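Structure first, then comments.
The values are calculated or read from the model by the stated rules, or taken from the named source; none is laboratory data. Predicted model only: the values in this text are computed from it and were never measured. Here the Cβ positions follow ideal geometry from the backbone for every residue, glycine too, while neighbour counts run over all protein chains shown.
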Amino acid sequence: MSAQAHVANERVEPLWFLGTLARIKLDGKQTGGRFALWDGELPHGASPPLHSHPQDETFYVLEGEVTAFLGDDDPRLCRAGAVAFAPAGVPHSFRVESDTARMLFLSTPAGIEEYVTELAEPAEWPWLQPPPDGPRVSPERIAEVEKRLGMVRHGPPPPVAQ
(Lines give C-alpha, C1' and ligand atoms only; values in the text may rest on other atoms or scores of the structure.)
Protein backbone atom coordinates (compact mmCIF):
# COMPACT_ATOMS: atom_id res chain seq x y z
CA MET A 1 0.00 0.00 0.00
CA SER A 2 1.53 3.33 -0.99
CA ALA A 3 0.87 6.68 0.65
CA GLN A 4 -0.53 9.56 -1.36
CA ALA A 5 -0.30 13.23 -0.43
CA HIS A 6 -3.53 14.08 1.33
CA VAL A 7 -5.15 17.08 3.00
CA ALA A 8 -7.80 16.07 5.50
CA ASN A 9 -9.68 19.30 6.05
CA GLU A 10 -13.06 18.08 4.92
CA ARG A 11 -15.81 17.43 7.43
CA VAL A 12 -15.39 14.08 9.16
CA GLU A 13 -18.52 12.27 10.23
CA PRO A 14 -18.59 11.67 13.98
CA LEU A 15 -18.83 8.14 15.37
CA TRP A 16 -20.12 6.93 18.71
CA PHE A 17 -17.44 4.57 19.97
CA LEU A 18 -18.08 2.74 23.25
CA GLY A 19 -19.50 5.81 25.01
CA THR A 20 -17.17 8.33 23.37
CA LEU A 21 -17.33 10.51 20.26
CA ALA A 22 -14.60 9.85 17.67
CA ARG A 23 -13.66 11.47 14.37
CA ILE A 24 -11.15 9.58 12.21
CA LYS A 25 -8.98 12.28 10.60
CA LEU A 26 -6.63 9.97 8.66
CA ASP A 27 -6.77 6.19 8.43
CA GLY A 28 -4.31 3.60 7.19
CA LYS A 29 -5.79 3.60 3.70
CA GLN A 30 -4.98 7.31 3.35
CA THR A 31 -1.43 7.03 4.72
CA GLY A 32 -0.28 3.81 3.12
CA GLY A 33 -0.53 2.13 6.52
CA ARG A 34 2.11 4.43 8.04
CA PHE A 35 -0.12 5.96 10.70
CA ALA A 36 -3.68 6.86 11.63
CA LEU A 37 -4.97 9.92 13.49
CA TRP A 38 -8.32 10.53 15.17
CA ASP A 39 -9.74 12.82 17.79
CA GLY A 40 -11.98 11.80 20.60
CA GLU A 41 -14.30 13.49 23.05
CA LEU A 42 -14.66 11.43 26.21
CA PRO A 43 -16.85 11.72 29.31
CA HIS A 44 -15.69 11.71 32.93
CA GLY A 45 -14.48 8.28 33.97
CA ALA A 46 -13.99 6.98 30.41
CA SER A 47 -11.22 4.40 30.48
CA PRO A 48 -10.31 1.49 28.23
CA PRO A 49 -9.19 -1.76 29.86
CA LEU A 50 -5.47 -2.10 30.47
CA HIS A 51 -4.40 -3.34 27.04
CA SER A 52 -1.63 -3.56 24.44
CA HIS A 53 -1.53 -3.91 20.67
CA PRO A 54 1.03 -4.36 17.88
CA GLN A 55 1.13 -0.60 17.15
CA ASP A 56 2.66 2.27 19.08
CA GLU A 57 -0.04 4.58 20.46
CA THR A 58 0.40 8.24 21.28
CA PHE A 59 -2.26 10.46 22.75
CA TYR A 60 -2.24 14.23 23.09
CA VAL A 61 -4.59 15.94 25.53
CA LEU A 62 -6.31 18.92 23.88
CA GLU A 63 -8.76 19.73 26.69
CA GLY A 64 -9.41 18.36 30.17
CA GLU A 65 -7.44 16.12 32.49
CA VAL A 66 -6.55 12.46 31.97
CA THR A 67 -4.52 10.04 34.08
CA ALA A 68 -2.16 7.95 31.94
CA PHE A 69 -1.25 4.38 32.94
CA LEU A 70 1.84 3.31 30.94
CA GLY A 71 3.54 -0.01 31.60
CA ASP A 72 5.09 -0.19 35.06
CA ASP A 73 5.35 3.60 35.46
CA ASP A 74 3.35 5.34 38.17
CA PRO A 75 0.09 6.85 36.89
CA ARG A 76 0.64 10.38 35.59
CA LEU A 77 -1.90 13.21 35.47
CA CYS A 78 -1.97 14.77 31.99
CA ARG A 79 -3.49 18.21 31.42
CA ALA A 80 -4.09 20.03 28.13
CA GLY A 81 -0.84 20.03 26.16
CA ALA A 82 0.48 16.76 27.63
CA VAL A 83 1.39 13.86 25.39
CA ALA A 84 1.76 10.19 26.35
CA PHE A 85 3.45 7.43 24.33
CA ALA A 86 2.83 3.69 24.70
CA PRO A 87 5.20 1.54 22.60
CA ALA A 88 3.81 -1.54 20.87
CA GLY A 89 3.19 -4.39 23.31
CA VAL A 90 3.31 -2.21 26.46
CA PRO A 91 0.16 -2.47 28.60
CA HIS A 92 -1.49 0.93 28.92
CA SER A 93 -4.73 2.75 29.64
CA PHE A 94 -6.00 6.18 30.65
CA ARG A 95 -8.87 7.58 32.69
CA VAL A 96 -10.69 10.89 32.14
CA GLU A 97 -10.64 12.89 35.38
CA SER A 98 -12.38 16.09 34.22
CA ASP A 99 -16.05 16.37 33.20
CA THR A 100 -14.97 15.67 29.61
CA ALA A 101 -11.68 15.50 27.71
CA ARG A 102 -10.69 15.96 24.08
CA MET A 103 -7.71 13.99 22.86
CA LEU A 104 -5.85 13.25 19.63
CA PHE A 105 -4.80 9.62 19.14
CA LEU A 106 -1.99 8.50 16.82
CA SER A 107 -1.44 4.88 15.77
CA THR A 108 1.99 4.05 14.27
CA PRO A 109 1.77 2.14 12.09
CA ALA A 110 -1.94 2.42 11.34
CA GLY A 111 -4.28 -0.22 12.73
CA ILE A 112 -5.72 0.93 16.05
CA GLU A 113 -8.28 3.06 14.19
CA GLU A 114 -9.76 -0.15 12.81
CA TYR A 115 -10.80 -1.04 16.37
CA VAL A 116 -12.65 2.29 16.53
CA THR A 117 -14.37 1.95 13.16
CA GLU A 118 -15.35 -1.70 13.65
CA LEU A 119 -17.03 -1.10 17.02
CA ALA A 120 -18.50 2.36 16.33
CA GLU A 121 -21.81 3.47 14.93
CA PRO A 122 -22.59 6.71 13.08
CA ALA A 123 -23.39 9.45 15.59
CA GLU A 124 -26.93 10.74 15.30
CA TRP A 125 -25.75 14.09 16.69
CA PRO A 126 -22.19 15.47 17.03
CA TRP A 127 -21.87 15.42 20.82
CA LEU A 128 -21.50 12.80 23.50
CA GLN A 129 -24.49 10.55 23.88
CA PRO A 130 -26.20 9.84 27.20
CA PRO A 131 -24.96 6.75 29.05
CA PRO A 132 -26.61 3.53 27.81
CA ASP A 133 -28.86 1.35 29.93
CA GLY A 134 -26.75 -1.63 28.91
CA PRO A 135 -23.76 -2.39 26.67
CA ARG A 136 -23.98 -0.86 23.18
CA VAL A 137 -21.64 -3.50 21.77
CA SER A 138 -21.75 -7.09 22.96
CA PRO A 139 -18.73 -8.45 24.83
CA GLU A 140 -18.51 -11.22 22.21
CA ARG A 141 -18.22 -8.69 19.36
CA ILE A 142 -15.57 -6.72 21.25
CA ALA A 143 -13.57 -9.91 21.95
CA GLU A 144 -13.77 -10.97 18.26
CA VAL A 145 -12.47 -7.59 17.03
CA GLU A 146 -9.72 -7.48 19.68
CA LYS A 147 -8.50 -10.95 18.70
CA ARG A 148 -8.52 -10.20 14.97
CA LEU A 149 -6.64 -6.89 15.42
CA GLY A 150 -4.09 -8.24 17.92
CA MET A 151 -5.25 -6.29 20.97
CA VAL A 152 -4.51 -8.01 24.28
CA ARG A 153 -6.32 -7.20 27.54
CA HIS A 154 -4.05 -7.16 30.58
CA GLY A 155 -6.67 -6.07 33.11
CA PRO A 156 -9.82 -4.04 33.69
CA PRO A 157 -10.05 -0.27 33.24
CA PRO A 158 -8.53 1.71 36.09
CA PRO A 159 -11.19 2.50 38.71
CA VAL A 160 -12.68 5.97 38.78
CA ALA A 161 -10.79 8.20 41.21
CA GLN A 162 -12.69 9.25 44.34
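Of the conditions (1) modelled with pLDDT under 95; (2) in contact with a strand residue (DSSP E or B) (Cβ under 9 Å, 6 or more places away or on another chain), Phe105 fails just one. Which one is it?
(1)
Take the stretch 19-67 and flag every residue that is closer than 25 Å to Leu77 by Cβ, of a type in the set (Asp, Glu) and touching a residue at least 40 places away in the same chain (Cβ under 8 Å).
Asp39, Glu41, Asp56, Glu57, listed by residue number.
Looking for whichever is of a type in the set (Ser, Thr, Tyr) and more than 24 Å from Asp27 (Cβ to Cβ) here; the options are Thr67, Thr58. Which one fits? Talk me through it step by step, then tell me what you get.
Numbers: Thr58 fails: more than 24 Å from Asp27 (Cβ to Cβ).
The conditions single out Thr67.
When you go through (1) under 17 Å from the mean Cα position of the chain (by Cα); (2) closer than 21 Å to Asp39 by Cβ; (3) free of Cβ contacts under 8 Å to residues at least 24 places away in the same chain one by one for Leu77, which number turns out not to apply?
Failed condition: (1).
If you go through the stretch 136-162 one residue at a time, how many are part of a strand (DSSP E or B) and closer than 19 Å to Ala110 by Cα? Working first, answer last.
First pass over the stretch 136-162, keeping only residues part of a strand (DSSP E or B): 152-155.
Now drop any that are not closer than 19 Å to Ala110 by Cα, which leaves 152.
Adding up the residues that qualify gives 1.
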